[in-house]
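Throughout, read-outs are computed from the coordinates displayed, never taken from laboratory work. Predicted model, so just to flag it, every value in this text is computed and none were measured. Reconstructed Cβ throughout: ideal geometry from the backbone, glycine too, with neighbour counts over all protein chains shown.
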2 protein chains.
Amino acid sequence: MDRELLLLGLLRRGDMHGYRLNEFIERDMASCVDLKKSTAYFLLDRMLRQGWVAASEEREGGRPPRQVYHITPDGEAEFQRLLRANLATYQPALFPGDIGLGYYDALPPDEARPLLAARRAALTALLDEARAAPPHAGALAWIVQHRVYHLESELGWLNEVIAALDSPTLVNTPPTEN
Amino acid sequence: MDRELLLLGLLRRGDMHGYRLNEFIERDMASCVDLKKSTAYFLLDRMLRQGWVAASEEREGGRPPRQVYHITPDGEAEFQRLLRANLATYQPALFPGDIGLGYYDALPPDEARPLLAARRAALTALLDEARAAPPHAGALAWIVQHRVYHLESELGWLNEVIAALDSPTLVNTPPTEN
DNA sequence: TTTTCCATGTAACTCGTTACATGATTTC
DNA sequence: GAAATCATGTAACGAGTTACATGGAAAA
């Protein structure tokens with residue numbers, strides 16, 4: 001659903017062939033969307049069969065011929081439908097890392113602590129990456145902003161957790177909610 | 001991976017049959033993990049074949065017989081392996097909702113605004129739910145804490161976005177990063 | 001008496017990834 | 001001459017979901 005929305009939205013701003021689309025997604029949206037090339041080609045082909053996009057073959061010099069896609073009226077309608085549905089809902093994220101955290105006490109503290117430190121290092125690296133990401137035009141910039149905002153929040157949380165687990169007064173228990 | 005970690009970790013705290021596991025996950029971890037019953041049964045069966053757990057059939061009264069699983073030494077080793085890998089890494093979350101946000105300006109503002117308001121309402125509802133979630137024993141409580149922390153951060157972010165989009169001075173442009 | 005609970009599964013399907021194939025052309 | 005770039009795909013696989021099947025017992 002959201003992948004089609006992504007592709008249709010990109011095509012709405014201008015015709016593109018698959019390779020360019022993939023390039024753009026990989027270079028400029030790598031941190032936010034995870035869409036493999038084969039998947040993109042597959043989705044473009046399916047949207048073609050559904051009539052959401054149309055293609056015209058082009059060639060330039062000795063390059064392989066390429067399918068340039070452009071969005072159709074049906075595709076535009078579908079885009080609007082998908083966009084409305086997307087904007088109106090909130091899809092909560094899941095954190096597989098929390099499962100491990102839930103079993104933190106299954107490991108001796110001296111072994112568990114450095115592991116969480118490694119997690120924090122990985123998180124910090126992602127945050128630096130996100131902060132260095134190339135700026136986007138228009139509303140697409142929100143995506144990058146959100147990533148930074150979120151990763152900062154995550155780092156804050158992880159620091160709290162680590163501090164609480166390191167504190168010798170509490171016996172590795174998270175704060176109660178009563 | 002993380003699902004196996006979840007199941008092994010639960011079995012580590014005490015033998016259980018599939019139905020009870022599913023019950024616990026659905027009742028007490030619904031907000032944090034999304035694991036369907038069939039998937040749980042399938043994973044239990046596979047872990048059985050892999051020797052990570054063993055099963056003994058029990059019956060009680062006129063009830064259907066049940067497979068009570070307990071973790072094996074191999075399973076414990078695997079649990080530790082999975083736990084270390086999980087704790088040491090950070091798996092970044094993706095936000096499909098951001099794709100829609102990135103195309104916010106494709107809709108007339110009067111139509112887009114209430115859609116985002118609906119998103120915020122959905123988010124608020126999830127937050128209330130998370131705050132009302134039953135408390136957990138030990139380190140598992142971190143999972144609930146994280147969910148609340150994260151949803152609060154998300155709400156803060158969304159409020160910022162909505163405020164910025166509503167503000168008539170800026171032309172629906174997110175803050176630049178220079 | 002119909003519904004719900006207990007308890008376990010199978011089969012078909014969707015979605016997406018991985019690995020691979022192709023072949024010309026430009027760059028090192 | 002080797003490697004990377006351009007450009008598009010296919011085939012096989014894996015993870016997970018959906019829908020369905022079963023069948024006795026307890027509750028409404």
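For a straight C-alpha distance cut-off of 12 angstrom, the aspartates and glutamates reachable from A:Lys36 (same-chain residues fewer than eight places away being disregarded) are A:Glu23, A:Glu26. If R0 is 45 Å, the Cβ-Cβ spacing of B:Glu152 and B:Arg49 corresponds to a FRET efficiency of close to 0.60.
Axis angle, to the nearest 10 degrees, between helix A:109-131 and the longest C-alpha principal axis of chain A: 30 degrees.
Largest first and in whole Å, what are the equivalent-ellipsoid semi-axes of chain A based on the Cα gyration tensor, each being the root of 5 times an eigenvalue?
On the way: eigenvalues 379, 64, 41 Å².
The equivalent ellipsoid of chain A has semi-axes of 44, 18, 14 Å.
The alpha-carbon positions of the range B:102-159 define a convex hull whose volume is 70 Å³ per residue.
Treating the beta-carbon of each Lys and Arg as +1 and of each Asp and Glu as -1, no other charges, what is the dipole magnitude of the protein assembly as shown about its Cα centre, to the nearest 20 debye?
Numbers: 38 positive and 50 negative charges, 150 e Å.
The calculated dipole for the protein assembly as shown is roughly 720 debye.
Rounded to the nearest 10 degrees, the angle from helix A:2-12 to the longest Cα principal axis of chain A is 40 degrees. Taking the longest Cα principal axis of chain A as reference, the axis of helix A:73-88 is set at about 20 degrees. Electrostatic bookkeeping for A:Phe42 treats Lys and Arg as +1 and Asp and Glu as -1; over the other residues with beta carbon under 12 Å from its beta carbon, the sum is +3.
Compute the distance from the alpha-carbon center of the range A:138-170 to that of the range B:79-116, in whole Å. Computed from Cα coordinates, the inter-centre distance equals 14 Å. Normalised by residue number, the volume inside the convex hull of the Cα atoms of the protein assembly as shown is 198 Å³ per residue.
Amide H contacts of B:Met16: B:Tyr69, each under 5 Å away and 5 or more positions distant or on a separate chain (H built 1.01 Å from N in the peptide plane; Pro and chain starts excluded).
Based solely on its DSSP helices, what 222 nm [θ] is calculated for chain B when runs of n ≥ 4 H residues each add -39,500 (n - 2.57) and the sum is averaged over all residues, nearest 500 deg cm²/dmol?
Values: 7 runs with 106 residues, N = 178.
After summing the helix terms and dividing by the residues of chain B, the value is -19500 deg cm²/dmol.
Can you give the mean number of other chain Cβ atoms that lie within 10 Å of the Cβ atoms in peptide A:112-119?
Whole-number average of other-chain Cβ neighbours for A:112-119 is 4.
Toward the positive end of the charge dipole of the range B:97-166, with +1 on the Cβ of Lys and Arg and -1 on the Cβ of Asp and Glu, the farthest Cα among B:Tyr103, B:Leu116, B:Pro134 is that of B:Pro134. When the P(r) of the range B:70-140 is calculated, the portion above 16 Å amounts to 73% of the C-alpha pairs. Charged neighbours of B:Arg12, selected by a Cβ distance under 14 Å, balance to -4 (K, R count +1; D, E count -1).
Quick one: compute the contact order of chain B, relative version, from alpha carbon pairs under 8 angstrom and 6+ residues apart, as a percent.
Details: 124 pairs, mean separation 33.7, N = 178.
Relative contact order here is 19 percent.
In a simple Cβ point-charge model (Lys, Arg +1; Asp, Glu -1; nothing else charged), the range B:97-166 has a dipole of about 300 debye relative to its Cα centre.
For the range A:16-61, what is the Kirkwood hydrodynamic radius in Å, using each pair of distinct C-alpha atoms? Walk me through the intermediate numbers first.
Details: mean 1/r = 0.0865 Å⁻¹.
In the range A:16-61 this quantity evaluates to 11.6 Å.
Taking 1 over the mean of 1/r across every pair of different Cα atoms in the range A:2-88, what Kirkwood radius in Å do you get? Hydrodynamic radius (Kirkwood, Cα only) of the range A:2-88 equals 13.3 Å.
Neighbours of B:Tyr90, meaning other residues whose beta-carbon lies under 10 angstrom from its beta-carbon, give a summed charge of +1 when Lys and Arg score +1 and Asp and Glu score -1. In chain A the longest region clear of trypsin sites (Lys or Arg not before Pro) that are loop-assigned by DSSP and have at most 11 other C-beta atoms within 10 Å covers A:60-178. Label positions at A:Asp34 and A:Asp105, each projected 7 Å from the Cα along the C-beta direction, are separated by 3.1 nm.
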